[in-house]
Amino acid sequence: MAAPLLRRGRNWLRMRNGSLGNAAELHGREAPVADSAPYRNAREAAAKQRRNAPWAAVVGLEIHAQICSNTKLFSGSQVQFAAPPNSLVSFFDASLPGTLPVLNRRCVEAAAITGLALNCTINKKSLFDRKHYFYADLPAGYQITQQRLPVAVNGILSYSLCVGKNQNDIVTKTVRIKQIQLEQDSGKSLHDDFRSQTLIDLNRAGVGLMEVVMEPDMCCGEEAAAAVKELQLILQTLGSSQANMAGRRLGGHVYPSTVILDEADYEIQRQIEELENGGTVLNETRTFDFKLGRTIAMRDKEGKQDYRFMPEPNLPPLILHDAKSLPADTSSQQVVNIDWLRERLPDLPSAKRAKLVECYGIQPQHSFTLLNEDGLMEFFEMVVKATEMNPRKVVGWVLTDMLGYLKKHNLAVKESPVSPTLLAELLNLLENGRISSPVAKQVLEEMWKGEGKTPALIVKEKKLELIRDRNEIEHICQAVIECHQKEVAEIKKGNQKVLNKLIGQVQKKTRGRADPVLVKKTLEKLL
């Protein structure tokens with residue numbers, strides 16, 4: 001059975017006068033040395049939100065993100081997804097005697113810049129430790145991690161939720177980041193039930209991971225899913241992790257954020273029912289069954305597990321520098337400069353969303369959708385540059401029509417048969433009055449067949465140009481009126497909504513080639 005795709009901090013249910021579950025055992029680590037003011041404010045806000053509720057869920061997250069690096073954390077072995085089993089294994093990865101770890105600079109920089117993006121304090125001195133446990137895909141019998149002093153601590157992640165009846169209102173929340181630490185990934189166990197055996201693939205052993213530990217400041221699956229999505233976007237923007245929800249690049253393994261929502265909400269309800277029925281919520285590891293839509297117990301964690309942490313004897317302390325502490329006459333290749341990384345921070349997702357709203361005048365909720373779909377923001381901006389249509393109209397076509405087709409055919413944006421240039425050409429035909437909106441949708445449907453035809457050619461071949469002859473429009477409208485006397489009577493009684501039915505009949509007769517505004521004016525004139 002596969003391990004849970006997202007290793008989650010436990011859900012606690014807090015009563016008004018006490019807590020159920022031991023919050024001190026969330027991660028089995030000491031608290032950060034010092035709290036920053038934003039960190040304390042976030043903690044107080046989370047506590048305030050939970051007051052005066054009969055049951056309040058407390059959700060924490062522990063995310064493992066695979067670092068985007070060509071080689072592993074402590075060896076020169078290549079990192080490649082879906083390579084043949086055991087083809088990317090060095091002597092160190094296989095834990096042969098006498099082999100020593102060599103720290104990957106790229107992994108250190110990725111962890112540090114992620115910490116800066118999450119408003120963390122970057123420790124100029126951090127330490128590596130051995131975490132001992134036995135499993136077949138961990139050949140050394142221990143994992144090199146950062147239990148005592150991680151590379152980054154005390155951060156804040158801001159994330160937003162679309163709320164309200166039509167999801168038009170934006171609510172921004174924060175979750176504290178307890179720490180970010182570097183550690184090795186384990187190998188992969190392949191269970192063959194037919195032959196009753198387990199095979200080991202060590203290609204993944206030693207791949208660099210960032211463990212991002214979020215404090216239990218969230219209260220439902222929706223918040224947890226939104227926080228994970230924001231973290232995913234930040235990691236992708238930084239290039240520190242592909243975080244692409246596949247190939248174990250985010251999470252122990254990864255669930256899409258919708259499954260995170262379902263899993264957390266199911267577990268919250270399960271614990272409430274357990275407690276209200278007089279039961280006890282056990283400390284245990286549970287996995288989420290997609291088919292059943294429920295969590296299933298895997299391992300009991302009531303007893304404290306002794307990992308026998310000890311300092312890693314083969315790695316010295318990891319020393320990072322800033323501009324003040326940088327040694328004179330030191331090559332930039334020999335040190336990791338925190339200030340140098342800070343200067344190179346790109347625009348983060350929150351800044352990109354603000355720019356979209358400011359530059360194009362679109363709704364804030366639309367900026368979230370554009371950023372949440374990989375490549376959709378760039379697609380939208382390319383269309384805007386190539387079309388004469390107002391960006392606020394363009395975004396409707398991109399989010400409703402284009403994204404609808406992509407979802408229907410299960411395609412990524414980069415796989416779309418309709419390029420930004422072709423969509424812009426179509427919207428220019430619409431904007432210049434050569435076709436109607438219903439016809440534009442027909443043409444887009446034809447373009448999705450991937451035959452390479454331009455919108456202008458499709459319009460010409462299918463004779464879909466807008467009817468500009470007012471006499472012809474009036475003649476068609478008169479014919480529709482004569483065939484729908486019942487509707488005409490309703491309109492004359494004051495029911496103007498029925499007029500839309502007549503407009504629809506005119507559009508049907510013209511195959512969408514009539515201007516709806518002109519049709520409405522003509523019908524009102526004739527009636």
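The values are calculated or read from the model by the stated rules, or taken from the named source; none is laboratory data. Given the structure is predicted, the values throughout are model-derived calculations rather than measurements. We place every Cβ from the backbone using ideal geometry, glycine too, and count neighbours over all the protein chains shown. These accessible areas exclude ligands, DNA and RNA; they are computed on the full protein's heavy atoms, side chains included. Shrake-Rupley method; radii C 1.70, N 1.55, O 1.52, S 1.80 Å.
Every condition in (1) of a type outside the set (A, V, I, L, M, F, W, C); (2) part of a loop (DSSP other than H, G, I, E, B); (3) over 19 Å from GLN242 (Cβ atoms) is met by GLN80 except one, and the failing one is (3).
Selection over the stretch 151-167 of residues that are farther than 25 Å from GLN365 by Cβ and touching a Lys or Arg at 6+ places or on another chain (Cβ under 9 Å) gives a count of 3. I'd like to know if the stretch 59-82 contains one or more residues that are surrounded by 14 or more Cβ atoms within 10 Å (Cβ to Cβ) and at pLDDT below 60. No, the stretch 59-82 contains no residue that is surrounded by 14 or more Cβ atoms within 10 Å (Cβ to Cβ) and at pLDDT below 60.
Evaluate the stretch 267-274: report whether one residue or more is modelled with pLDDT under 90 and either over 30 Å from PHE81 (Cβ atoms) or touching an Asp or Glu at 6+ places or on another chain (Cβ under 9 Å) (or both). No, the stretch 267-274 contains no residue that is modelled with pLDDT under 90 and either over 30 Å from PHE81 (Cβ atoms) or touching an Asp or Glu at 6+ places or on another chain (Cβ under 9 Å) (or both).
In the stretch 438-454, how many residues are over 30 Å from the mean Cα position of the chain (by Cα), touching a residue at least 12 places away in the same chain (Cβ under 8 Å) and either more than 22 Å from LYS385 (Cβ to Cβ) or buried (at least 18 other Cβ atoms within 10 Å of the Cβ) (or both)?
The qualifying residues number 6.
Within the span defined as the stretch 143-158, every residue fails to be among the basic types (Lys, Arg), closer than 28 Å to GLU230 by Cα and under 19 Å from the mean Cα position of the chain (by Cα). Screening TRP340 on (1) open to solvent by 70 Å² or more (accessible area, probe 1.4 Å); (2) touching a residue at least 24 places away in the same chain (Cβ under 8 Å) shows it passes everything except condition (2).
Each row is one residue, and each column tells you yes or no for (1) touching a residue at least 40 places away in the same chain (Cβ under 8 Å); (2) within 30 Å of GLU381 (Cα to Cα).
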site: LEU430; (1), (2): yes, yes
site: HIS475; (1), (2): no, no
site: GLU487; (1), (2): no, no
site: LYS492; (1), (2): no, no
site: GLN496; (1), (2): no, no
site: LEU502; (1), (2): no, no
site: LEU518; (1), (2): yes, no
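Taking the stretch 278-315 as the range and being over 18 Å from PHE134 (Cα atoms), open to solvent by less than 80 Å² (accessible area, probe 1.4 Å) and among the acidic types (Asp, Glu) as the test, the residues that pass are GLU284, ASP289. Filtering the stretch 59-98 to residues that are out of contact with any Cys (no Cβ under 7 Å at 6 or more places or on another chain) and under 30 Å from GLN269 (Cβ atoms) leaves GLY60, LEU61, GLU62, ILE63, HIS64, ALA65. Each residue in the stretch 416-437 was checked for being closer than 25 Å to ASP469 by Cβ, buried (at least 18 other Cβ atoms within 10 Å of the Cβ) and not hydrophobic (A, V, I, L, M, F, W, C), and 1 pass. Restricting LEU320, LEU275 to those that are surrounded by 16 or more Cβ atoms within 10 Å (Cβ to Cβ) and more than 24 Å from the chain's Cα centre (by Cα) reduces the list to LEU320. Note on the stretch 491-519: residues that are over 44 Å from the mean Cα position of the chain (by Cα), charged (D, E, K, R) and surrounded by 16 or more Cβ atoms within 10 Å (Cβ to Cβ) total 0. From LYS453, LYS492, LYS497, grab the single residue that is out of contact with any helix residue (DSSP H, G or I) (no Cβ under 9 Å at 6 or more places or on another chain) and not hydrophobic (A, V, I, L, M, F, W, C). Going through LYS453, LYS492, LYS497 in turn, just one is out of contact with any helix residue (DSSP H, G or I) (no Cβ under 9 Å at 6 or more places or on another chain) and not hydrophobic (A, V, I, L, M, F, W, C): LYS492. In the stretch 308-330, the residues that are free of Cβ contacts under 8 Å to residues at least 40 places away in the same chain and in a loop (DSSP other than H, G, I, E, B) form no Cβ pair under 7 Å with any partner that is acidic (Asp, Glu) and loosely packed, with under 11 Cβ neighbours inside 10 Å, whether six or more places apart or across chains. Is it the case, given these coordinates, that GLY115 is out of contact with any helix residue (DSSP H, G or I) (no Cβ under 8 Å at 6 or more places or on another chain) and on the phi > 0 side of the Ramachandran plot? For GLY115, the condition - out of contact with any helix residue (DSSP H, G or I) (no Cβ under 8 Å at 6 or more places or on another chain) and on the phi > 0 side of the Ramachandran plot - is not met. Taken as a whole, the condition of being of a type in the set (Gly, Ala, Ser), surrounded by 22 or more Cβ atoms within 10 Å (Cβ to Cβ) and in contact (Cβ under 8 Å) with a residue 24 or more places away in the chain applies to ALA112. Filtered by the rule that a residue be within 15 Å of LEU371 (Cα to Cα) and out of contact with any helix residue (DSSP H, G or I) (no Cβ under 7 Å at 6 or more places or on another chain), the stretch 335-357 gives ASP347, SER350, ALA351, ALA354, LYS355.
Restricted to the stretch 122-178, the set of strands (runs of 3 or more DSSP E) holding at least 1 residues that are open to solvent by less than 20 Å² (accessible area, probe 1.4 Å) and either of a type in the set (S, T, N, Q) or without any contact (Cβ under 8 Å) to a residue 60 or more places away in the chain (or both) comprises 142-145, 152-163.
Within the stretch 66-124, the only residue that satisfies the criterion of being within 23 Å of the chain's Cα centre (by Cα) and among the charged types (D, E, K, R) is GLU109.
Note on the stretch 422-467: among residues that are among the hydroxyl-bearing types (Ser, Thr, Tyr) and not in a helix (DSSP H, G or I), the one that is nearest to GLY396 (Cα to Cα) is SER436. Taken together, the criteria exclude LYS355 from residues that are under 20 Å from ASN244 (Cα atoms), without any contact (Cβ under 8 Å) to a residue 24 or more places away in the chain and out of contact with any strand residue (DSSP E or B) (no Cβ under 9 Å at 6 or more places or on another chain). Restricting the first member to the stretch 275-296 and to residues that are modelled with pLDDT of 90 or more, and the second to residues that are aliphatic (A, V, I, L, M) and in a loop (DSSP other than H, G, I, E, B), the beta-carbon pairs closer than 9 Å and six or more apart or on different chains are LEU275/VAL281; ILE296/MET1.
Do the conditions hold for LYS486, that is, is it open to solvent by 20 Å² or more (accessible area, probe 1.4 Å) and within 47 Å of the chain's Cα centre (by Cα)? No.
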